[in-house]
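Below: one structure, written as structure tokens.
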Amino acid sequence: MAERRSGAAEGLARFSEWADAHLSLLRSLSAGMAVAGLLVLARSVRMTAKFTSALDIPVEFVEKNVKLRGKLHRVTEKGLEVEHIPISIPFITSIQRKWQSKGLLLVRLAGVDLAPSGMAWLQQQLKPKQMIWFQLLGREDLALDCLVLANKGRFLSVCLNEELLRQGLGRTARIEGLHHDSRLYWKLHKRLLRAELKALKKNKGIWKEESYSERIRDRISNNKFVQTLKQFASWLRSSIQR
């Protein structure tokens, strides 16, 4: 037993000697770990910060197309007004809530030229306080151009940008914020075009063909003989009134 104790003491003594000899190295390691901890904390603060304006969102978030979560407040002609819901981390989140300001983000559906019927559809499908996800693609002044995902059922979600085009409630447009020659731009643009093509093939929404009676009526109204008769009737009416 005495031998074991002496061996342990000798080992501890050797470790103390090594620590004294490499004190500067240990200090450097401690400083490095502290810096790394601060970086992790700073990153956590940014990920848990509540954004109340598009200008508050870091540039790298937009460049890396970060996906954020939010609570829908209303659908307007300019876009979706969304309250950002950040990631919740114990202690950090509780401190941040004390000084967080209030405000809503304006989220636009990237790559979609919305028809009036499209806005009506969004107002009908989306409910106030509904949770949505929006992936940052670009930023223009106070507006964010995003891919917007909404829950459909318990385990499914739908991309509203694609669904609107699939229902024929808008037209494919340029995706603002992304470089026109980037790989991501063309990947998303093809998805949106495929959705629009489905609506076109099925004659949905704005692509719905005119009924047979409407086509006959248009042909009659555009007929030259009919137009001549209308002109003659108009001249005759004005002559009688004189």
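The values are calculated or read from the model by the stated rules, or taken from the named source; none is laboratory data. Small disclaimer: the values here were computed from a predicted structure and weren't measured. A quick note on method: Cβ atoms are made from the backbone with ideal geometry, for glycine too, and the neighbour counts reach across all protein chains shown. Areas reflect the complete protein model, heavy atoms only, side chains present, ligands, DNA and RNA absent. Shrake-Rupley method; radii C 1.70, N 1.55, O 1.52, S 1.80 Å.
Only one of these is in a loop (DSSP other than H, G, I, E, B) and surrounded by 15 or more Cβ atoms within 10 Å (Cβ to Cβ): Gly118, Gly168. Name it. Gly168 is the lone residue from the list that is in a loop (DSSP other than H, G, I, E, B) and surrounded by 15 or more Cβ atoms within 10 Å (Cβ to Cβ). Pairs linking a residue in segment 110-136 that is among the hydroxyl-bearing types (Ser, Thr, Tyr) to a residue that is assigned to a loop (DSSP other than H, G, I, E, B), with Cβ atoms under 9 Å and 6 or more positions apart or on different chains, are Ser117/Gln167; Ser117/Gly168; Ser117/Leu169. Return yes or no: is Leu142 within 24 Å of Gly177 (Cα to Cα) and at pLDDT 95 or above? So Leu142 fails the test. Condition check: charged (D, E, K, R), open to solvent by 30 Å² or more (accessible area, probe 1.4 Å) and modelled with pLDDT of 95 or more. Does Arg183 satisfy that? No; evaluated as a whole, the condition is false for this residue. Number of residues in segment 42-51 that are open to solvent by 20 Å² or more (accessible area, probe 1.4 Å) and either among the hydroxyl-bearing types (Ser, Thr, Tyr) or modelled with pLDDT of 95 or more (or both): the value is 1.
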